[in-house]
1. Longest span of chain A, sites excluded, free of chymotrypsin sites (Phe, Trp or Tyr not before Pro) in DSSP loop with at most 16 other C-beta atoms within 10 Å?
2. Which whole-number percent of Cα pairs in the protein assembly as shown have a distance greater than 48 Å?
3. Based on alpha-carbon centroids, what's the gap between the stretch A:328-345 and the stretch C:154-178 in Å, whole number please?
4. Run a plain Debye calculation on the stretch C:54-189 (Cα atoms as equal point scatterers, no solvent) and give log10 I(q)/I(0) at q = 0.09, 0.17, 0.18, 0.20 Å⁻¹, rounded to two decimals, same order as the q list.
5. Any idea how many Lys pairs in chain A come in under 18 angstrom at the alpha carbon, given 8 or more places apart or on separate chains?
6. What angle do you read, to the nearest 10 degrees and between 0 and 90, between the alpha-carbon axis of helix B:58-77 and the longest principal axis of chain B?
7. Note the angle between two axes, namely the Cα long axis of helix B:165-175 and the longest principal axis of the Cα atoms of chain B, as a number of degrees from 0 to 90, rounded to the nearest 10.
8. Inverting the mean 1/r over all pairs of different Cα atoms, compute the Kirkwood radius of the stretch B:14-240 and quote it in Å.
Amino acid sequence: MAEGTEEKQMEAQGTPKIRSWLKSGLQSTLPQIIAVFLAFLVGAAVLLATGHSPVDAYSAMLSGAFGDIFGIGQTFTQATPIIFTALAFSFASKCGLFNIGAEGQLIVGAFGAALVGISFSGLPAFVHIPMALLAGALAGGLWGFIPAILKTKLGAHEVITTMMLSYVATYLTSYMVNYPFKAPGWVAQTVPIAMSAQLPRILEPTQVSASIFFAVALAGLTHYTLQRTTFGYEVRATGLNLTAAENGGINVKREMILALVISGAIAGLGGAGEVLGVHRRFIDGFSPGYGWDGLAVALVGALHPVGVLLAAALFGALRSGGMTMTRVTGVPLDIVVILQALVVLFVTAPVLIRYILRRGGHKG
Amino acid sequence: MINVGLFAAAVRMATPIVFASLGGIFSERVGIINVGLEGMMLTSAFSGVAITFFTGNPWLGVLAAILAGGLLGLLHALLTVKFIGNQIVSGTGINIFALGFTAYMSQVLWGSRGASETVQGLNVVAVPLLQDIPIIGEIIGKHTPLVYLMLIITVLCYIVLFRTPLGLRIRAVGENPAASDTAGIDVFRIKYQCVMISGMLAGLGGAFLSLGHLNLFAWGMTGGRGFIALAAMIFGNWMPFGAFGASLLFGFADALQMRLQALGLLPPQIILTIPYVVTIAVLAGMVGRAAPPSDYKPYSKE
Amino acid sequence: MSPAIQMKSITKTFPGVLANDKIDFIVEKGEIHGLLGENGAGKTVLMSILYGLFQPDEGQIYVNEKQVTMDSPATAIGLGIGMVHQHFMLVPSLTVAENVILGREPTKDKVLLDMDKTLKDVKASCERYNLEVDLKAPIYTLPVGVQQRVEILKALYRGADILILDEPTSVLTPQEAAELFRAVRALKDQGKTVVFISHKLREVLWICDRITVLKRGKVVGTVRVEDTDLGELAKMMVGREVIYRFEKKPINGREVVLKVASLKALDDRGLPALKGIDLEVYASEILGVAGVEGNGQSELVETLTGLRKSTEGRILLNNTEITAASPEERIRLGISHVPEDRHKRGLIPDFSVMENLILGSHNRPPFARQGVILDYKETSSYARKLIDDFSIRTQSEETSVRHLSGGTQQRVVLARELSREPKLIIASQPTRGLDVGATEFVRNKIVEMRDHGCAVLLISADLDEIWALSDRIAVMYEGKVVAVRNPQETNEEEIGLLMAGGKSG
């Protein structure tokens, strides 16, 4: 089964290369597409079983997500942090590491950026914004560094340590905005960040901020790094076959540390984007679970930048449309989480999808 | 601050972790990583309360919890054994599902996302002779039945794993499935059984959290205990008594955290981080100790 | 004589490989029947079918003249067939007794394991078949020769009358092999039937009554041992005289390329694995390291390549101290390594041929501009050149290595390691699991490198290979080099003795 022969065939027949590229892309992502479809199917069953109409719910979601400028804005606003956490998970994945603590890394990154945003004034924006972003990346990177060291020096499995740190991040930042950095008033949040630290809104009157540009750029950058640089080569080699990579002179421990730090930094940037572009302050509990969304999106997007961007748009639409759906039909918003979980479960085993397709073929 | 009551609370708070870590042992000893313990516990906690809500009988609730855990265990087994899926992804999917499903159903049943109505919980039982032993008696003399069940099941797990043919086969399947296959053992059936047992044990842990402790269901009430149970399992070297001991440690951290909060010495959020920091510290302190019982590679006949 | 086993017209195909092609195979009761063939001839597959591990695509099996469907090992065991595999089917942390009874455990009250009965029953088997083993020892503490004994005991305990031994001497010293042959003869005296799978001509001639030769999945012929000899068997096995004989050129004025002094290191469990290795490899020579696996060879390779830290001692490459150098530095200084398990250590299965070919040099020009950005054009043309030079059978340089055959994969590893123009090559079991053609290719390449001035450290459990290729032979035993000999001045018996820890006369 050699790759590229079908492509060459099609080229020989004069088919334009774009078509063949699309076709092979479609074939390799078919399991993911079917997984999404199946997830919605099972979700519909859940809705029906609990006395709701799937048609009403899904159509409300659709119109909510894309029906008007506010909906579309919400879709992109929700999608943005998810792109960051998905890239974070993907990058670590490529090195064979399971970073399920992107949520925590996002949160500390957000807080770090907020800290820089509220602590300085009178700085020009082109200084303040990068500083704040850097703070976010460093904070997230630190949150990735800790499990990295624990794993490489002490053998502690990163699944548990990143998860634990996520809880620590939530509680620590909660403490910060309930005590030392609490703004006057009832809400657990900081004071607003300085004007000079704000990321501009790019789609008035929605909340979509310039952060989305960074997200898309980062998707391209991580892909390029992984595929075209020696560092990316080493990361991928470590992820695919650690022993062979070692034999090839690669310092696998260093790669793993770098991968987790970068992973954390990416998530941290996402958090920074939320603070600087959307909320303009750090609010306790501002993330409705972007870390988990990111994980699902990374899997559905098959760890590929284009896939991740598309899947993030889908999940952003789910969240944004979900809010409308809840308002209009009264269906609890958590059906969105159920749909995400179903997607992850269906994507777990490509063998499962093939099995279902075969069974479906027999019946039909 | 440190008194007998604290240790009694430690035993109580250790109970769900013990159940889940025992579940973890069964799964990992047969070669399947189960990070979905958290989700299995949560779903079971919910199911227990839901059934109790409708029937008024908390023991039926416990049964429902076990069933829910077993079903999710079956799902995990199907995905990872039959369909050779990634074990960590499957477990994570189960965790996300649990969060969403329990929150969703909470709203459907009780109109509230945060917490359910209180239900009839399991009554605390006083064991007559045990209670009268000085000090020890106060620590373990008076608990809900699930706590005693936990003690019994810990011993049972050891007996099954190390004194029965089934246990021998379980250990063989995890360490060398090919050898077990050639010895005529049904490798796949043993894996299924163990992962389902793993879910059921997690289910008991979940049942304790809701029915044996708070008498209601609250969003995300497992609070990472499924992961802490994994740390307990590793720290206990995949042995039932070892996991029990480690879970006691974590239970103590949990009880301590609650006691400190009640005393108001430190801000609640800082105190809440204690169990998680302890877990990280425990894992960090195990340099080179952890030798898992399996290489977790999927087994195929050819 | 009545046939114990009859296999008629057995055919079995795996993806891309016709492993067994209409094979007829008959084993008489009470005989020792050799199944001879090169690596990949189909011997193990045929016997795995007999043992119920695989189902044949076509053909019938008869045991004691009754046709059977061998659907699982349990069935085979029930019919009195036992198999001792090449890779032991033992559970390391369980004891000997526990391994023997696995799958048919005696119970007390139907629930608990009856360990007393277990020990009694297994001891009885030991005595009956004259096999001495410590029943309470966990497997991982036992040496390989003893583990094999446990495997045989396992089969006999289950009532095997027909015993299949798959390449049993591949992990034994010559002396341990002699012990095995004694045990096998004793079994025959007890009325057991034995099928002896091997690729070693001399052994098969020594121990068997009749021999069936397989070549590329087909039966070439069945002969009685009295009616044949080494040469004829070799011809049957491969179709031509296969005697690997290489010209040993006299090399003058050689420098020492690799010098190892008093090297000590620990194994993965923290126990001493290298207890003071002294070694020298000269330019233009092949130093063969003979020894039974598990005497520190793996740890030696790892310390030399930089994957394992030594605790004491020094390593010098062309007089440069490299004791603390990283693997990457060692590659740059000119050490190449053909690892013993190409799947685990040698290749990255999901990388393309091209990506695998630059592993180790991937961060240097010309493959990486400024050491950072990969240059795919350079990499492709380099890959294409190597594919040509080494006759790597692949669709293109972009094909994933996973899809290549074992022999082709080893060529990729060789191409990568040898084209770096190394000063020292460390080759670890380089021809294991390869067919005749691939084996020849690998050995020729190694000799070629030696002729061009390279120093070669060859570690192989295959004594024939060591004899054929080495200019000097070193013997490793329990973490030390116990002797270094010129092949002309010694013989297999002495080497075997040294491998087993004995002193030479």
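The numbers here are math on the coordinates, done by the rules we state, and not lab data. Note that the structure is a prediction, hence the values are computed from the model and not measured. A quick note on method: Cβ atoms are made from the backbone with ideal geometry, for glycine too, and the neighbour counts reach across all protein chains shown.
1. A:187-364
2. In whole percent, the long-distance tail amounts to 38.
3. For the stretch A:328-345 versus the stretch C:154-178, the Cα centre distance is 59 Å.
4. Relative scattering, expressed as log10 I(q)/I(0), comes to -0.29, -0.99, -1.08, -1.26.
5. Lysine pairs, 8 or more places apart or on different chains, close enough: 6.
6. 30 degrees
7. So the helix axis and the longest Cα principal axis differ by about 70 degrees.
8. It works out to 17.7 Å.
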